[in-house]
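Peer 1: Dropping the structure in here first, questions after.
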Amino acid sequence: MERSLFAYIWRYSRPEQVVILMLVVLAQVFYFMSLTVPKDVINNGIQGNAFKHHPTIPFLVWELDLSAILPGKVIRFFDGFQVDQLQYLVVMSFIFLAAVIINGLFKKTINTQKGRMGERMLRRLRYELYDRILRFPPAHFRKVKQAELATMIKDEVEPLGGFIGDAYVQPMFLGGQALTAIIFIMLQSWTLGIIVIVLLAAQMVIIPRLRKPVLVLGRLRQISARQLAGRIAETADGVNEIHVHGAANYERADISERLGVIFKIRFDLYQKKFLAKFWNNILSQATPFAIYLVGGYFAITGHMDVGAVVGVLLAYKDLPSPIKELIDWDQQRQDVQIKYEQVIDQFQPEGMMPPDLQAVPEGPPPPLGKELALAGVVVSEDGRVKQLDSVSLVLPTAARCAVIGGASSGKDVLGQVLARQVLPNGGSVKIDGQDFFQIPEYVLGARLAYIGQDTYLFPLSVRDNLLFGLKLRPVVPASYDEAAKLLRDTFWKESERAGNPPLDPNADWVDYELAGATGPADLLPCIVTVLKQVELDEDIYSLGLRGTVDAAARPDLAEKILKARHALHERLKGGAYAGLVEPFDKDHYIRNLSVAENLLFGTAVGKQFDGDNIAADPYVRSVLQATDLDVDLQRMGLSIAETMVELFSGLSPDNPLFEQYSFISADELPNVRLLLQRLGGKGIEAVPEADRTRLMTLPFRYIEARHRLGLIDADMEERILRARRTFAEGLPPSLHDAVEFYDFGRYNSAATLQDNILFGRLVYGQAQAGERIGTLIAEVLAELGLRDSVIDVGLEYNVGVGGKRLPGTQRQKLGIARALIKRPQLVVVNEAVAMFDGRTQDRIRDNILATATEDGRGVVWIANRANQAEPFEQVVVMQGGRIAAQGTPSDLAARGGLYAELMASA
Amino acid sequence: MNLNEEVELLKGVPIFSKVEQSKLKLLAFTSERVNFAAGQEVCHQGDPGDTMYVILGGIADVLIDTDKGQIVVAEMQRNSFFGEIAILCDVPRTATIKAREPLATLKITKDMFYRLVAEFPQMAVEIMRELAHRVEDTNQKLRAATRAA
């Protein structure tokens, strides 16, 4: 990248800068007009100077005055219209108006052009920086903090956008203005002109010097702010460690110290800035001072006439502001130049990947080659400790080979070299004679998979993460309708103007062939196969059951789930499952649902009826009043409050029982106790209105079957059922979207798949009800062939930031599945199964090995336990960064030595 | 059965007999009622366990694995409790408990048990007393058995 911001701007925005410059020059004509027309209006239009001798004057005379070349020669094309004073005034006034409008339009156009150019350049710069991140050598990420990269691209280059528009125009324009004024002054008086120039020169020399420290401080401010961003991100990343080690206050100390330093820098900055401003003001007033003094002296002594001095003063009036702005511009220039340098310095590490290695492939990626040959490979972090020491190895890409060794044997580094995660410091890695490190990334991405010890997942759905490795190129362009196509075309044109690639993220990037499918339709079986290989299918299935499906988007699936509901309820009628599920019946009170759920008899959509909101909802209140239920519910609330006070009073407030079981939080309990004491056994009628609302929330959460306080008898059930009907019948249209009612014949898009199939609630207190019904649901789904569809829904589950919504083992399994679904020619498993239990490790290894053997694909298994190597054809034994032995397991076992030792200790 | 009836039942259980009514109510409220169908196993010998059960109604068989298969060694009825050994000593279940007829139990988790004991030390004393009684009972039986032998 260019070291100089100016060179960078000029290189990429030259034509636009020229256009803007021309617009600015053209605008001056109209600007001049808008200044001269008022003079004519006043002199001729109002005061009538030109009409003193003639009642009318010619207007719009069009003539060519050649008197400069041929004295007296004037070619007149048009004699003009004769206008009287009033007509003249009207016409000139409109001309003035037109000039003002044109002037304004010019300003608008110029500013828009400048803005667009600036934004384009900003976009280009940001893209280029991001592009560089993708080409950083892997080791560089151990040195830079991600938050710092983000602030640099996001915040630090931002001011550049504003400056770029003015980078060339501003100095030319202001310089032109200043030059005109100076020339005018010079024409009036040489002496005064020279004085003005000298004073201006002094200003232009002194002020930037005063501002130098400001710039230095500005740079410090930028770096310290960037580091602060890095530190804050560290706190978020290491928050568990901070809590576990009780280091919160040490962190506070560090941040406070940093903020102190930033404050100091910023305060110094203000001091220096205002000092510079002070001198700037003084110096700019020094010129009029000199004109007054010297010009006055000349006028008094008769060297100059008074008019000329006033003229100089008037001309000078126009001088300080362009000069000041020029100085400001210069200041800004240095500031952004520093910012620019500061940023790009961070984006040119040694050993960046050449751009063509990341080219977008034209068609399907070619195969990897047949044989990897490592010769004398050395890897050393600091040049002293050698993690790999002259490793030479020939490895057919179709080989199934295990690498074993102790903890510091270098086996993991070997795995990283094979995935190009680590660049060797010496030696060579060749694939069929070609340099392994010069193979384009897409070939490697498609043909070689690598799974390390920890997996990073993107905060997307399980599916998006799983298919991440198949997205090497846009395979099928997105289809747009006419209107959208036009929009997209302009969008891409703009992208190209800013040097961004016109790649479409909406296209289908998934290379189905890599996964062994022909298109989106038959991808699911491939996904399920891979999930089974890593034993993740059960987990995704569970996620699917807890997921929701919009019936409008997937009517077919909703229909099938309804079938499952019917089948399940058929089975439930059988004696084996009697009493495990209480089905939803709109004519029955459901004892395993809360009062709120019984009243609503549906799933709350949005916030209106969700949670405690239902108790305060005006419509619900009106229904309760209409059915005379409100006071009874409040009475129930009072009864619950009394029980809670009785049960939980003796407990310490931090007892987890509160959170798990109490209807009233530990903080609230004393208030409620106080309320009950004030009541002194009097009934609900004595409770003030404000407290009644609070009591109202309690019965809504009450589940008779679970809480067993005996508050809901047959009569109460009947009355709540009446309220349920009133609620449903009177529901105003505006609230229709706030609840999806339970209806046996309809799919409920707001509820989970499981709730849709179950259409009821597990009865509390039935031993193993959950497990047994879970198994029954699985059976029903399997019979209807819906298991894969449920998995399909589970694939939509969002894994959260860094995949943290999945447990660690599932994250890792998903990482392995992501590598396997590509059916890579060679997969490098670098102790990737270490976090699973021993049996799972072996099963996953066997699964990977079996499919690889079947398809004749290669596996390099860096074993976390040596005995994992047994089923492999080839075993490489490593020690101290070197290959100690190599051969088939039986050969190695016969030879004894390190192999036998490792096997014995595993 | 509602909470108050459960509390009445718990009062009849020896280890809880001296615990205040309100504490028993808390125990009942925070514990899960679990019903077992006839023939269903409550716990299986050798499995890890972290819950104790109080029988609120019905009869359960206590079975022990022997070389000749499972044999019934005892039966348990209302007010009996079992599983406390798993809670206190972290050992696998020492017997299989199977419902002979529909069985209603109160399931007290290890967590809950310790929390209650910590919160109300007097309950711990009652449990100690009860366990001591049991040891004494066993000793007496042992003495009687050795004398008989």
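The values are calculated or read from the model by the stated rules, or taken from the named source; none is laboratory data. Owing to the predicted nature of the structure, the values given are computational and were not obtained by experimental measurement. Here Cβ is always computed from backbone atoms with ideal geometry, including for glycine, and neighbour counts include all displayed protein chains.
Peer 1: For the range A:34-54, which positions are under 54 Å from the mean Cα position of the chain (by Cα) and surrounded by fewer than 17 Cβ atoms within 10 Å (Cβ to Cβ)?
Peer 2: Correct list: A:35, A:36.
Peer 1: Given the residues A:206, A:242, A:232, which is the only one that is at pLDDT below 85 and assigned by TED's automatic domain parsing to the domain that holds residue A:298? Spell out the reasoning first.
Peer 2: Numbers: A:242 fails: at pLDDT below 85; A:232 fails: at pLDDT below 85.
None of the other options fit; the residue is A:206.
Peer 1: Would you mind telling me which numbered condition in (1) over 20 Å from residue A:707 (Cα atoms); (2) part of a helix (DSSP H, G or I); (3) among the small types (Gly, Ala, Ser) residue A:606 fails?
Peer 2: It fails just one condition, (2).
Peer 1: Continuing with the same structure: Taking residue A:339, is it without any contact (Cβ under 8 Å) to a residue 12 or more places away in the chain and of a type outside the set (A, V, I, L, M, F, W, C)?
Peer 2: Numbers: without any contact (Cβ under 8 Å) to a residue 12 or more places away in the chain: no; of a type outside the set (A, V, I, L, M, F, W, C): yes.
Spelling it out, it is not the case that residue A:339 is without any contact (Cβ under 8 Å) to a residue 12 or more places away in the chain and of a type outside the set (A, V, I, L, M, F, W, C).
Peer 1: Then there's this: For residues that are surrounded by 14 or more Cβ atoms within 10 Å (Cβ to Cβ), touching a Pro at 6+ places or on another chain (Cβ under 7 Å) and over 21 Å from residue A:469 (Cβ atoms), tally how many sit in the range A:347-366.
Peer 2: The qualifying residues number 2.
Peer 1: Has the range A:576-594 got any residue that is within 14 Å of chain B (Cβ to nearest Cβ) and in a helix (DSSP H, G or I)?
Peer 2: Checked against the condition, which is being within 14 Å of chain B (Cβ to nearest Cβ) and in a helix (DSSP H, G or I), the range A:576-594 yields at least one hit.
Peer 1: Give all pairs with beta carbons closer than 7 Å in which a residue from the range A:640-657 that is within 7 Å of chain B (Cβ to nearest Cβ) and without any contact (Cβ under 8 Å) to a residue 40 or more places away in the chain meets a residue that is assigned to a helix (DSSP H, G or I) and hydroxyl-bearing (Ser, Thr, Tyr); count only pairs at least 6 apart in sequence or on separate chains.
Peer 2: A:646/B:22; A:647/B:22; A:657/B:30
Peer 1: Turning to a different aspect of this structure: Can you pull out every residue in the range B:100-116 that is surrounded by fewer than 16 Cβ atoms within 10 Å (Cβ to Cβ) and β-branched (Val, Ile, Thr)?
Peer 2: B:109
Peer 1: Check every one of the helices (runs of 4 or more DSSP H) wholly within the range A:271-351 and list those with 1 or more residues that are more than 54 Å from the chain's Cα centre (by Cα) and more than 18 Å from residue A:204 (Cβ to Cβ).
Peer 2: Values: elements: A:296-301, A:306-317, A:320-345.
Because the criterion is at least 1 residues that are more than 54 Å from the chain's Cα centre (by Cα) and more than 18 Å from residue A:204 (Cβ to Cβ), the helices (runs of 4 or more DSSP H) in the range A:271-351 that meet it are A:296-301, A:306-317.
Peer 1: Identify the single condition in (1) part of a helix (DSSP H, G or I); (2) more than 26 Å from the chain's Cα centre (by Cα); (3) touching a residue at least 60 places away in the same chain (Cβ under 8 Å) that residue A:127 does not satisfy, given that it satisfies every other one.
Peer 2: Going through (1) part of a helix (DSSP H, G or I); (2) more than 26 Å from the chain's Cα centre (by Cα); (3) touching a residue at least 60 places away in the same chain (Cβ under 8 Å) one by one, residue A:127 breaks only (2).
Peer 1: To continue, here is another question. Please determine whether any residue of the range A:558-568 is outside any loop (DSSP other than H, G, I, E, B), in contact with a Lys or Arg (Cβ under 7 Å, 6 or more places away or on another chain) and not hydrophobic (A, V, I, L, M, F, W, C).
Peer 2: First, the residues of the range A:558-568 that are outside any loop (DSSP other than H, G, I, E, B): A:558-568.
Filter once more, keeping what is in contact with a Lys or Arg (Cβ under 7 Å, 6 or more places away or on another chain): none.
For the range A:558-568, residues outside any loop (DSSP other than H, G, I, E, B), in contact with a Lys or Arg (Cβ under 7 Å, 6 or more places away or on another chain) and not hydrophobic (A, V, I, L, M, F, W, C): absent.
Peer 1: On to the next question. What about residue A:760, is it within 14 Å of chain B (Cβ to nearest Cβ) and either of a type outside the set (S, T, N, Q) or surrounded by fewer than 21 Cβ atoms within 10 Å (Cβ to Cβ) (or both)? Break it down stepwise before answering.
Peer 2: Values: within 14 Å of chain B (Cβ to nearest Cβ): no; either of a type outside the set (S, T, N, Q) or surrounded by fewer than 21 Cβ atoms within 10 Å (Cβ to Cβ) (or both): yes.
No, not satisfied.
Peer 1: Right, residue A:122: surrounded by 14 or more Cβ atoms within 10 Å (Cβ to Cβ), of a type in the set (A, V, I, L, M, F, W, C) and not assigned by TED's automatic domain parsing to the domain that holds residue A:17 or not?
Peer 2: When the stated conditions are applied, residue A:122 does not pass them.
Peer 1: Output the residue which, of all residues in the range A:28-43 that are out of contact with any Leu (no Cβ under 8 Å at 6 or more places or on another chain) and in contact (Cβ under 8 Å) with a residue 12 or more places away in the chain, is nearest to residue A:86 (Cα to Cα). Walk me through it before giving the result.
Peer 2: At the first step, the residues of the range A:28-43 found to be out of contact with any Leu (no Cβ under 8 Å at 6 or more places or on another chain) are A:28-40, A:42-43.
Cutting the leftovers down to in contact (Cβ under 8 Å) with a residue 12 or more places away in the chain gives us A:30-31, A:33-34, A:37-38, A:40.
Working: A:30: 24, A:31: 25, A:33: 21, A:34: 20, A:37: 16, A:38: 15, A:40: 13 Å.
My answer is A:40.
Peer 1: Which members of the range A:694-732 meet the condition of being of a type in the set (Gly, Ala, Ser), in a helix (DSSP H, G or I) and either in contact (Cβ under 8 Å) with a residue 24 or more places away in the chain or within 11 Å of chain B (Cβ to nearest Cβ) (or both)? Let's see the steps before the verdict.
Peer 2: Taking the range A:694-732 first, the residues of a type in the set (Gly, Ala, Ser) are A:705, A:710, A:714, A:723, A:728, A:730.
Narrowing further to those that are in a helix (DSSP H, G or I): A:705, A:714, A:723, A:728, A:730.
Correct list: A:705, A:723, A:728, A:730.
Peer 1: Just a yes or no: is a residue in the range A:614-628 under 22 Å from residue B:27 (Cβ atoms), more than 13 Å from every other protein chain (Cβ to nearest Cβ) and not charged (D, E, K, R)? Break it down into steps so the answer makes sense when it comes.
Peer 2: So in the range A:614-628, the residues under 22 Å from residue B:27 (Cβ atoms) come out as none.
No, the range A:614-628 contains no residue that is under 22 Å from residue B:27 (Cβ atoms), more than 13 Å from every other protein chain (Cβ to nearest Cβ) and not charged (D, E, K, R).
Peer 1: Looking only at the range A:626-642, count every residue that is among the polar types (S, T, N, Q) and surrounded by 19 or more Cβ atoms within 10 Å (Cβ to Cβ) and tell me the total.
Peer 2: Going through the range A:626-642 one residue at a time, the tally reaches 2.
Peer 1: Please go through (1) more than 14 Å from chain B (Cβ to nearest Cβ); (2) more than 19 Å from residue A:703 (Cβ to Cβ); (3) surrounded by fewer than 16 Cβ atoms within 10 Å (Cβ to Cβ); (4) of a type in the set (D, E, K, R) for residue A:740 and return the number of the only condition it doesn't satisfy.
Peer 2: (3)
Peer 1: Still on this structure: Looking only at the range A:779-787, decide whether some residue is assigned to a helix (DSSP H, G or I), within 14 Å of another protein chain (Cβ to nearest Cβ) and within 40 Å of the chain's Cα centre (by Cα). Walk me through how you get there before you give the answer.
Peer 2: Initially, the range A:779-787 is screened for residues assigned to a helix (DSSP H, G or I), giving A:779-783, A:787.
Keeping just the survivors that are within 14 Å of another protein chain (Cβ to nearest Cβ) gives none.
The answer is no; no qualifying residue exists.
Peer 1: Another question, then. Scan the range B:109-121 and tell me whether some residue there is within 14 Å of chain A (Cβ to nearest Cβ) and farther than 19 Å from residue A:657 by Cα.
Peer 2: Initially, the range B:109-121 is screened for residues within 14 Å of chain A (Cβ to nearest Cβ), giving B:109-121.
From what is left, the residues that are farther than 19 Å from residue A:657 by Cα are none.
Taking every residue of the range B:109-121 in turn, none turns out to be within 14 Å of chain A (Cβ to nearest Cβ) and farther than 19 Å from residue A:657 by Cα.
Peer 1: State which residue pairs qualify: first residue assigned to a helix (DSSP H, G or I) and inside the range A:759-775, second residue among the aromatic types (Phe, Trp, Tyr) in any location, beta carbons under 9 Å apart, and separation of 6 or more residues or different chains.
Peer 2: Listed by first residue and then by second, the contacts come to A:769/A:577; A:772/A:577; A:773/A:577.
Peer 1: Further, regarding this structure: Could you identify the single residue in B:85, B:97 that is in contact with a Phe, Trp or Tyr (Cβ under 9 Å, 6 or more places away or on another chain) and either surrounded by 15 or more Cβ atoms within 10 Å (Cβ to Cβ) or touching a residue at least 40 places away in the same chain (Cβ under 8 Å) (or both)? Break it down into steps so the answer makes sense when it comes.
Peer 2: On the way: B:85 fails: in contact with a Phe, Trp or Tyr (Cβ under 9 Å, 6 or more places away or on another chain).
Unique residue meeting the criteria: B:97.
Peer 1: Working carefully through the options A:57, A:20, find the one that is surrounded by 13 or more Cβ atoms within 10 Å (Cβ to Cβ) and at pLDDT 85 or above. Can you show your working first?
Peer 2: Values: A:57 fails: at pLDDT 85 or above.
Exactly one of A:57, A:20 is surrounded by 13 or more Cβ atoms within 10 Å (Cβ to Cβ) and at pLDDT 85 or above, namely A:20.
Table: residues versus (1) among the hydroxyl-bearing types (Ser, Thr, Tyr); (2) over 25 Å from residue A:575 (Cβ atoms); (3) at pLDDT 90 or above.
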position: A:754; (1), (2), (3): no, no, yes
position: A:764; (1), (2), (3): yes, no, no
position: A:781; (1), (2), (3): no, no, yes
position: A:791; (1), (2), (3): no, yes, yes
position: A:806; (1), (2), (3): no, yes, yes
position: A:821; (1), (2), (3): no, yes, yes
position: A:828; (1), (2), (3): no, yes, yes
position: A:832; (1), (2), (3): no, yes, yes
position: A:836; (1), (2), (3): no, yes, yes
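Peer 1: I want to confirm something. Restricting to the range B:19-36 and keeping residues that are facing chain A (nearest Cβ under 7 Å) and without any contact (Cβ under 8 Å) to a residue 24 or more places away in the chain, which single residue is farthest from residue B:98 (Cα to Cα)? So that I can check it myself, show each step before the final result.
Peer 2: So in the range B:19-36, the residues facing chain A (nearest Cβ under 7 Å) come out as B:22, B:25-26, B:29-30, B:32-36.
Okay, now just the ones that are also without any contact (Cβ under 8 Å) to a residue 24 or more places away in the chain, so B:22, B:25.
Values: B:22: 31, B:25: 27 Å.
Filtering first and then ranking leaves B:22.
Peer 1: Taking the range B:44-58 as the region of interest, how many residues are within 11 Å of another protein chain (Cβ to nearest Cβ) and within 15 Å of residue B:110 (Cα to Cα)?
Peer 2: First, the residues of the range B:44-58 that are within 11 Å of another protein chain (Cβ to nearest Cβ): B:53, B:56.
Cutting the leftovers down to within 15 Å of residue B:110 (Cα to Cα) gives us B:53.
Counting residues in the range B:44-58 that are within 11 Å of another protein chain (Cβ to nearest Cβ) and within 15 Å of residue B:110 (Cα to Cα) gives 1.
Peer 1: Conditions first: (1) touching a Ser or Thr at 6+ places or on another chain (Cβ under 6 Å); (2) outside any helix (DSSP H, G or I). Residue A:167 passes all but one, so which condition is the exception?
Peer 2: Of the numbered conditions (1) touching a Ser or Thr at 6+ places or on another chain (Cβ under 6 Å); (2) outside any helix (DSSP H, G or I), the odd one out for residue A:167 is (1).
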